[in-house]
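The values are calculated or read from the model by the stated rules, or taken from the named source; none is laboratory data. Everything numeric in this text was worked out from a predicted model, so none of it was measured. When we count neighbours, we look across all protein chains shown, and the Cβ atoms used for this are built from the backbone with ideal geometry, even at glycine.
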Amino acid sequence: MKDYRIIDNFLNQEHFKKLCELNLEIVDPDNIKVYKNKIDKFNNLNTSCLSNDLLKELHNEYNKKAMNILSELAPKKLDLYDYSEFHIVETGRNYEFPIHRDTPNKLLSGVIYLNPRKNKGTFVYENQQGKNKREIEWKQNRAFFFSRSQNHSWHSYEGDKNTNRLALVYNLMTYDLKKACELENINYYKMKIFDKINPYLLRYFKFTIN
C-alpha cells in the first residue's frame, strides 16, 4: 500500500468512551460480528447498535475531517461522496481476515481501534501474495485511513489469540459505482458481475476494511 494516513486520538474522549462501552453481543473466538450504521449527506440514517443521536453526532463531528483526508489522498473522488458508514466490528480473538482490497464504492476506507488496550492492528502489503508485510500497530483511538486503488490497497487483519478486537470502521461511500470504476480505469461491467456474486464470496473473503 503506497499512501495512507495514521491519526492518533482521532475521536474526542466522549465519543471514544461511548463506543467502547456499547452493549454488544458476545462474539465467539472464531467469528466476526459487524453492526452496520449508515448516514447520508442529507442526514437520512439506518442504525443497528448506535442511537440515532450518536450516529448524527459522529457524522457532524468527523465528516469534514474525513473529507479533508479524502481530498489529500484522492481529490478526484470528492464529488462522488453520497454517504458514510460507521460500522462497529468485533473480531474474535482467533479470527483471521484474508488479504483483500476494498470495492470501488468505498471512496475512503478507515478504521479506528477501540478495545482492548493491546491487540493486532491492520497489515498492509504490496500485493495479494503478501509481499512486504507491514503492520499499522494497534493503539486505542488510533485511526488508519486510505483510498483504495486497484493495485496498491491490499490489507488484512486478525485477532491476537488472546482477546477479541473491537473497532469502528468509518468509510466514505458512493452510490455511483460506474463513475468510481471510471476514475480507477476498472471495467464497470465486470465489477457489476462481481457485485452480484459478492454475497457468496463474502462467506470466504469478506471484502471490508478493518
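What's the number of the only condition in (1) within 18 Å of residue 112 (Cα to Cα); (2) modelled with pLDDT under 95; (3) among the β-branched types (Val, Ile, Thr) that residue 88 fails to meet?
(2)
Of all the strands (runs of 3 or more DSSP E) wholly in region 117-166, which have at least 1 residues that are free of Cβ contacts under 8 Å to residues at least 24 places away in the same chain?
134-136
With respect to the numbered conditions (1) surrounded by fewer than 13 Cβ atoms within 10 Å (Cβ to Cβ); (2) on the phi < 0 side of the Ramachandran plot, which one is the sole condition not fulfilled by residue 80?
So residue 80 meets the others, but not (1).
Within region 137-151, does at least one residue satisfy the condition of being surrounded by 17 or more Cβ atoms within 10 Å (Cβ to Cβ), of a type outside the set (Ser, Thr, Tyr), at pLDDT below 80 and more than 16 Å from the chain's Cα centre (by Cα)?
no
I'm checking my understanding of the structure. Among residues of region 31-88 that are hydroxyl-bearing (Ser, Thr, Tyr) and without any contact (Cβ under 8 Å) to a residue 60 or more places away in the chain, which one is nearest to residue 163 (Cα to Cα)?
35
Of the numbered conditions (1) within 17 Å of residue 174 (Cβ to Cβ); (2) assigned to a helix (DSSP H, G or I), residue 62 satisfies every one except a single condition; which is it?
Condition not satisfied by residue 62: (1).
Regarding residue 25, is this residue of a type in the set (Asp, Glu) and modelled with pLDDT of 95 or more?
It is false that residue 25 is of a type in the set (Asp, Glu) and modelled with pLDDT of 95 or more.
Which condition from (1) outside any loop (DSSP other than H, G, I, E, B); (2) surrounded by fewer than 23 Cβ atoms within 10 Å (Cβ to Cβ) is the one that residue 111 breaks?
Condition not satisfied by residue 111: (2).
From the set of residues in region 79-105 that are among the aromatic types (Phe, Trp, Tyr) and not in a strand (DSSP E or B), which is farthest from residue 46 (Cα to Cα)?
95
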